[in-house]
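Structure, as structure tokens:
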Amino acid sequence: MIPHVSRLLELWRIAAHYRLDTLFPAEELPEKARHILSLIRMHPAAWSSRERKNPLKLKLALEEMGPLAIKMGQLLSTRRDLIAPELLQQLVLLQDQVKPFDNDVAKMRIQESLKADVNTLFARFDTQPLAAASIAQVHTAALHDGREVVVKVTRPNIRQQISGPDPGSGQYPSYAPSLYRLQHDVRAGSVYGQQRCAGGRAHYRSANFRYRDL
């Protein structure tokens, strides 16, 4: 129970810091929803926040809330019939423009996963991510034989962030199916790869590296 309470308090702080209560006019919401807005404004983080006029505050808040919140934002970004255009613009950025993690951390995760130095594995490794999303970010690179590849590196501590409750506790949240899919993706490994060629994506396997369709 305590971890759940701690997580709720953290989400409350993030919502207050980014002043998510200002995203919707209170008069257009049901009465119960208005109470939530009032609760957000009550948090001390809201009192000193400078994010009220930040045009990307919803995107930033969901990023800080973690991979499940980002996934929810990605899903909502496809509902142009439900989401206001100004909010939709922020949610669309969550598809592939999530804040990337440090390049040195990406290299370290590749080296730990593949048991070799990045310079040994690749003739070129582009440190600027091609794209970054909720679970991983993608880097372009080239092998020493000249083949162009795409390397997908999962985020640090992603397993802990999306781990569900203890199966023995019998407590599973309502988002359990989505949580399972995220866990399944992460269990595949911390580094993926894919060869880029004229005929499309190709599978490749060797002792030092593994490619697969992403």
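The values are calculated or read from the model by the stated rules, or taken from the named source; none is laboratory data. None of the values given here were measured: they were computed from a predicted structure. Heads up, the Cβs are rebuilt from the backbone with ideal geometry, glycines too, and the neighbour counts pull from every protein chain shown.
Out of GLN97, GLN74, report the one residue that is touching a residue at least 40 places away in the same chain (Cβ under 8 Å) and either surrounded by 13 or more Cβ atoms within 10 Å (Cβ to Cβ) or farther than 20 Å from ARG19 by Cα (or both).
Working: GLN97 fails: touching a residue at least 40 places away in the same chain (Cβ under 8 Å).
Checking each option against the conditions leaves just GLN74.
Does ALA136 qualify as being closer than 15 Å to GLU63 by Cβ, modelled with pLDDT of 85 or more, in contact with a Pro (Cβ under 6 Å, 6 or more places away or on another chain) and outside the structural domain of LEU58 (by TED's automatic domain parsing)? Let's see the steps before the verdict.
Details: closer than 15 Å to GLU63 by Cβ: yes; modelled with pLDDT of 85 or more: yes; in contact with a Pro (Cβ under 6 Å, 6 or more places away or on another chain): no; outside the structural domain of LEU58 (by TED's automatic domain parsing): yes.
Taking the combined requirement at face value, the residue does not satisfy it.
Any chance you could count how many residues in the range 96-133 are within 26 Å of LYS57 (Cα to Cα), in a strand (DSSP E or B) and in contact with a helix residue (DSSP H, G or I) (Cβ under 9 Å, 6 or more places away or on another chain)?
2
Could you list, in sequence order, all residues of the range 134-161 that are over 24 Å from GLU64 (Cα atoms), assigned to a loop (DSSP other than H, G, I, E, B) and touching a residue at least 12 places away in the same chain (Cβ under 8 Å)?
LEU143, HIS144, GLY146, ARG147, listed by residue number.
What tally of residues in the range 40-59 results from selecting those that are surrounded by fewer than 17 Cβ atoms within 10 Å (Cβ to Cβ) and either among the basic types (Lys, Arg) or within 14 Å of the chain's Cα centre (by Cα) (or both)?
4
Restricting to the range 41-55, what's the tally of residues that are in a loop (DSSP other than H, G, I, E, B) and either within 17 Å of PHE24 (Cα to Cα) or touching a residue at least 60 places away in the same chain (Cβ under 8 Å) (or both)?
5
If ILE83 passes every condition in (1) touching a residue at least 60 places away in the same chain (Cβ under 8 Å); (2) assigned to a loop (DSSP other than H, G, I, E, B); (3) of a type in the set (A, V, I, L, M) but one, which one does it miss?
(1)
Considering only the range 26-34, I want to know if a residue exists there that is at pLDDT 90 or above and either exposed (fewer than 12 other Cβ atoms within 10 Å of the Cβ) or not in a loop (DSSP other than H, G, I, E, B) (or both).
no
Out of all the residues in the range 159-172, is one or more modelled with pLDDT under 65 and hydrophobic (A, V, I, L, M, F, W, C)?
Yes, the range 159-172 contains a residue that is modelled with pLDDT under 65 and hydrophobic (A, V, I, L, M, F, W, C).
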